[in-house]
Amino acid sequence: MKHLYTLLMVGALLCVLPLSSCRQNQAEGMVHFQDRNINIKAFLTDFPYQPYSFSLSEDCSKLFYLKTDTVNSLLMLDLTSENNLDAGVCLSDIDFSKRNFWNHRYNSTDNCLYWIGDEKNDEIINIWRLNLQTGAAEKLTDVPYIYGWGFNPEGTKVAYVARLGQNESRLDELRILDLQTLEETVVYTDTPAFRMTWTEIAWQPDEKGVFLSVLKNADRTFSNIGYVDFEDHSLKILTDPILQASLDGTEVISDWYSSDLGFFLSDQTGYPNVYSYNIKNKKVTQITRFETDTKVEWIDHEGQKKILAVQNAPTGTKMLLLDPATGQVLCEETYTTELRFAGKNKERVYLYAGAVDVVFQLWAVSVTGNEINREIVVDLPDDKKEEMITSMVERLTIPSFDRDLHAYLLTPKKPLEGDKGMVMVQSFYGGSNTYDMEHQIFTEAGIYVLSPSPRGSSGFGRDFAALNDTDLGGNEIIDIIYCAHYISKKLGIPPERIGVFGMSHGGYATMRLMTFPGTVNEITATFPFGFGVAVAGFSDIIFEHNHSNIPDWTFLEAGDPVKDSIRLQDRSPINHGEKITGPLLLIHGNHDNRVNIEGSRMMYKKLQDLNKPVTFLEVEGQGHGFKGLENNMLYYKTIFSFLAENVK
């Protein structure tokens with residue numbers, strides 16, 4: 001999977017459907033749907049925190065995160081004295097629902113919080129700084145977009161990659177920003193041979209250079225690790241540029257082992273593995289030979305640096321302690337939750353934990369002898385867990401035309417009865433073992449949710465994720481059609497009561513599935529979806545390529561918009577509007593620079609002209625993802641109104 005979007009809460013709607021058949025109480029945040037009341041506000045306030053907004057200070061004593069309320073507030077929790085997220089202290093009067101706020105990090109050197117973000121959800125991304133004593137925020141850079149950034153070891157400088165142009169005007173610079181004087185120095189300008197990209201930046205301890213990710217010929221399927229030497233302003237490619245590697249599977253490890261020895265991950269073997277680079281002898285060594293997706297972090301064990309590895313998979317997550325010299329597995333544990341590294345403090349590594357039926361936890365992990373020890377530092381109270389998990393989870397294996405697919409089926413604890421049964425099928429970005437509030441709200445309403453992993457999904461190695469490269473709207477669509485047939489038969493629910501939904505790439509896939517002409521790649525398959533909800537999707541692939549701030553994504557996924565124009569036109573839903581199988585709800589933010597809103601506007605007009613059932617909700621002031629308590633309540637109330645009006 002080549003990510004098109006950043007995971008964000010949905011909401012902030014400009015237009016509202018008629019709500020006559022979906023009674024609601026604005027004050028209490030309630031929706032009446034079919035035979036039950038759904039307390040939308042309770043879901044949003046029981047865990048009003050954005051899961052991907054959490055960030056630990058370097059010593060892991062402070063937790064920074066966003067809270068969704070009437071405004072989106074930035075909070076800090078002192079973990080030395082408190083573990084209740086509701087006790088966090090507000091740090092600023094900024095409403096973060098009105099801007100993007102990414103990759104934030106605390107700097108103990110100046111007691112400031114830094115992040116990359118924008119001012120109005122338009123993805124004009126720069127570095128910002130918040131003074132924790134005064135609450136004052138300031139913008140430190142002025143460029144169109146920043147791919148990645150990182151502090152030097154002393155916390156006095158930042159290295160960052162500035163994107164100054166794209167497509168034919170592509171140009172990227174690696175710059176050093178002095179955090180006291182705010183003076184900038186350009187230390188490297190890329191060339192067409194190797195373009196800089198989204199990346200972490202790992203400073204060499206003696207500050208002579210950095211590790212970062214680069215793309216051969218701007219091709220995301222040829223991701224490489226490079227070393228930029230600050231003295232001669234040169235780029236040395238450390239991985240084999242002849243071999244393919246994905247952007248998701250290529251990653252620097254932020255802290256070097258020593259001044260002369262740094263580590264990184266590359267999936268040139270098909271799966272992410274650990275490599276080292278020795279500055280003195282210029283030698284790259286492969287340390288591990290895994291055949292599963294892997295992330296790593298350093299941990300102190302018995303006075304020595306070791307590697308803590310996490311391998312997330314739908315069947316379970318492994319945690320391994322590795323010898324950094326040989327890759328030998330020293331000990332391991334297995335868990336049912338998906339884990340993400342949060343930070344480290346010498347002998348303790350912190351991780352965020354979650355699952356389809358686990359909302360959020362913060363773990364601290366240490367190693368004693370040959371045992372991995374786990375402590376849950378932050379968790380939700382049992383009563384909140386009970387309220388926020390409204391389904392039973394079943395892992396399914398679903399046959400497609402040429403392979404088996406993984407999926408999760410979320411069965412409501414109280415399904416709609418008899419002929420009222422309904423299913424929502426996620427069109428893309430499904431199948432992950434993570435908590436999804438939208439899924440749980442649907443199951444609270446009695447609706448089954450099927451969350452499959454079609455080809456192109458992450459979690460199954462580089463080659464599976466690459467199966468939809470230059471095949472956007474192709475076999476991945478066939479996969480979802482097979483999944484829809486499977487779930488219809490399994491649950492005995494007819495197609496007219498089975499809908500499809502998705503955001504971004506998933507918004508496109510939703511429109512494609514509902515207008516699918518029946519055959520692609522000489523494979524024939526059909527499923528008459530009863531309804532669809534497409535959020536921030538695109539209907540015209542070539543238009544999207546020409547109006548997106550990440551056109552290399554459409555080039556990778558769909559193909560060359562000039563050479564492959566006939567195929568891309570055929571796979572654009574707007575050119576098959578007459579085939580739509582049911583009512584479609586379109587939702588889009590008018591500040592979205594990643595997926596241009598015109599894609600939804602054009603689809604809306606086309607379906608209107610064809611006299612097809614379509615509703616369009618244009619989202620004022622929002623970008624690629626929507627935020628805010630009231631806006632989220634309105635979002636869900638609108639969807640349930642749409643369902644009540646169109647699925648009898």
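The values are calculated or read from the model by the stated rules, or taken from the named source; none is laboratory data. Computed from a predicted model, the values in this text were never measured in an experiment. Counting neighbours? That spans all protein chains shown, and the Cβs are built from the backbone with ideal geometry, glycine included. These accessible areas exclude ligands, DNA and RNA; they are computed on the full protein's heavy atoms, side chains included. Shrake-Rupley method; radii C 1.70, N 1.55, O 1.52, S 1.80 Å.
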Give all pairs with beta carbons closer than 7 Å in which a residue from the stretch 148-171 that is modelled with pLDDT under 95 meets a residue that is part of a helix (DSSP H, G or I); count only pairs at least 6 apart in sequence or on separate chains.
Q166/P551; N167/P551
Name the residue that is farthest from A466 (Cα to Cα), counting only residues in the stretch 559-581 that are open to solvent by less than 10 Å² (accessible area, probe 1.4 Å) and more than 23 Å from the chain's Cα centre (by Cα).
G577
Of the conditions (1) assigned to a strand (DSSP E or B); (2) touching a strand residue (DSSP E or B) at 6+ places or on another chain (Cβ under 6 Å), L380 fails just one. Which one is it?
(1)
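Please specify each residue of the stretch 524-549 satisfying the condition of being of a type in the set (V, I, T), closer than 25 Å to I124 by Cβ and out of contact with any strand residue (DSSP E or B) (no Cβ under 9 Å at 6 or more places or on another chain). Before the answer, list the steps.
We begin by selecting, within the stretch 524-549, every residue of a type in the set (V, I, T); these are 524, 526, 533, 535, 541-542.
Checking which are closer than 25 Å to I124 by Cβ leaves us with 535, 541-542.
The answer is I541, I542.
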Residue list for the stretch 29-67, restricted to those being modelled with pLDDT under 90, closer than 26 Å to L91 by Cβ, open to solvent by less than 20 Å² (accessible area, probe 1.4 Å) and not hydrophobic (A, V, I, L, M, F, W, C)
Q50
Tell me whether the stretch 622-632 contains one or more residues that are open to solvent by less than 20 Å² (accessible area, probe 1.4 Å) and modelled with pLDDT of 90 or more.
no
Looking only at the stretch 99-117, count how many residues are over 18 Å from E58 (Cα atoms) and out of contact with any strand residue (DSSP E or B) (no Cβ under 8 Å at 6 or more places or on another chain).
0
Is at least one residue of the stretch 204-217 at pLDDT below 95 and in a loop (DSSP other than H, G, I, E, B)?
yes
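Sort through G117, G148 and tell me the only one that's open to solvent by less than 10 Å² (accessible area, probe 1.4 Å) and under 25 Å from I225 (Cβ atoms). Quick ask: steps written out before the conclusion?
Numbers: G117 fails: under 25 Å from I225 (Cβ atoms).
Being open to solvent by less than 10 Å² (accessible area, probe 1.4 Å) and under 25 Å from I225 (Cβ atoms) holds for just one of G117, G148, which is G148.
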Within the stretch 547-558, the count of residues that are in a helix (DSSP H, G or I) and open to solvent by less than 10 Å² (accessible area, probe 1.4 Å) comes to 4
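Any idea how many residues of the stretch 457-499 are within 18 Å of G418 (Cα to Cα) and of a type in the set (A, V, I, L, M, F, W, C)? If you could, list the steps in order and put the result at the bottom.
Pass one, the stretch 457-499, residues within 18 Å of G418 (Cα to Cα): 487-499.
Remaining after also requiring of a type in the set (A, V, I, L, M, F, W, C): 487, 491, 493, 498.
Counting residues in the stretch 457-499 that are within 18 Å of G418 (Cα to Cα) and of a type in the set (A, V, I, L, M, F, W, C) gives 4.
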Just checking, which of T368, T337 is farther than 13 Å from D300 by Cα and of a type outside the set (G, A, S)?
T337
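In this structure, does S73 turn out to be under 29 Å from G155 (Cα atoms) and buried (at least 20 other Cβ atoms within 10 Å of the Cβ)?
Working: under 29 Å from G155 (Cα atoms): yes; buried (at least 20 other Cβ atoms within 10 Å of the Cβ): yes.
Spelling it out, S73 is indeed under 29 Å from G155 (Cα atoms) and buried (at least 20 other Cβ atoms within 10 Å of the Cβ).
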Within the stretch 597-614, work out how many residues are buried (at least 21 other Cβ atoms within 10 Å of the Cβ) and polar (S, T, N, Q).
1
If G456 meets every condition in (1) at negative phi; (2) out of contact with any strand residue (DSSP E or B) (no Cβ under 8 Å at 6 or more places or on another chain) apart from one, which number is that one?
(1)
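Please give the strands (runs of 3 or more DSSP E) falling wholly within the stretch 411-521 in which 1 or more residues are farther than 26 Å from Q569 by Cβ, touching a residue at least 12 places away in the same chain (Cβ under 8 Å) and open to solvent by 10 Å² or more (accessible area, probe 1.4 Å).
423-426, 448-452
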Which listed residue is assigned to a loop (DSSP other than H, G, I, E, B) and more than 26 Å from W256 (Cβ to Cβ), from L164, L182
L182
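Just checking, which of S246, S258 is within 26 Å of T221 (Cα to Cα) and small (G, A, S)?
Working: S258 fails: within 26 Å of T221 (Cα to Cα).
The conditions single out S246.
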List pairs: first residue in the stretch 608-631 and at positive phi and in a helix (DSSP H, G or I), second residue modelled with pLDDT of 85 or more and surrounded by fewer than 16 Cβ atoms within 10 Å (Cβ to Cβ) anywhere in the structure, Cβ distance under 8 angstrom, at least six positions apart or on different chains.
none
Looking only at the stretch 165-217, how many residues end up being under 26 Å from D560 (Cα atoms), among the acidic types (D, E) and open to solvent by 60 Å² or more (accessible area, probe 1.4 Å)?
1
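For I94, are the conditions met, namely being within 28 Å of T185 (Cα to Cα) and among the aliphatic types (A, V, I, L, M)?
Details: within 28 Å of T185 (Cα to Cα): no; among the aliphatic types (A, V, I, L, M): yes.
Considered against the rule, which asks whether it is within 28 Å of T185 (Cα to Cα) and among the aliphatic types (A, V, I, L, M), I94 comes out as no.
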Please work out if F464 is of a type in the set (F, W, Y) and in contact with a strand residue (DSSP E or B) (Cβ under 7 Å, 6 or more places away or on another chain).
no
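How do the strands (runs of 3 or more DSSP E) wholly within the stretch 227-332 filter down when requiring 1 or more residues that are open to solvent by less than 10 Å² (accessible area, probe 1.4 Å), free of Cβ contacts under 8 Å to residues at least 40 places away in the same chain and in contact with a strand residue (DSSP E or B) (Cβ under 9 Å, 6 or more places away or on another chain): which remain?
Strands (runs of 3 or more DSSP E) meeting the threshold: 261-266, 273-278, 304-311, 317-322.
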Name, by its number, the condition in (1) of a type outside the set (A, V, I, L, M, F, W, C); (2) on the phi > 0 side of the Ramachandran plot; (3) over 21 Å from the mean Cα position of the chain (by Cα); (4) at pLDDT 95 or above that does not hold for Y429.
(3)
If you scan the stretch 80-101, which residues turn out to be touching a residue at least 60 places away in the same chain (Cβ under 8 Å) and either crowded, with 19+ Cβ neighbours inside 10 Å or touching a Gly at 6+ places or on another chain (Cβ under 6 Å) (or both)?
L85, F96, S97, K98, N100
Considering only the stretch 522-546, how many residues are assigned to a loop (DSSP other than H, G, I, E, B) and more than 20 Å from M603 (Cα to Cα)?
4
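Can you tell me which residues in the stretch 380-403 are more than 18 Å from E438 (Cα to Cα) and either open to solvent by less than 80 Å² (accessible area, probe 1.4 Å) or more than 24 Å from the chain's Cα centre (by Cα) (or both)?
The answer is L380, P381, D382, D383, L396, T397, I398, P399, S400, F401, D402, R403.
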Which count do you get for residues in the stretch 389-410 that are part of a strand (DSSP E or B) and hydroxyl-bearing (S, T, Y)?
3
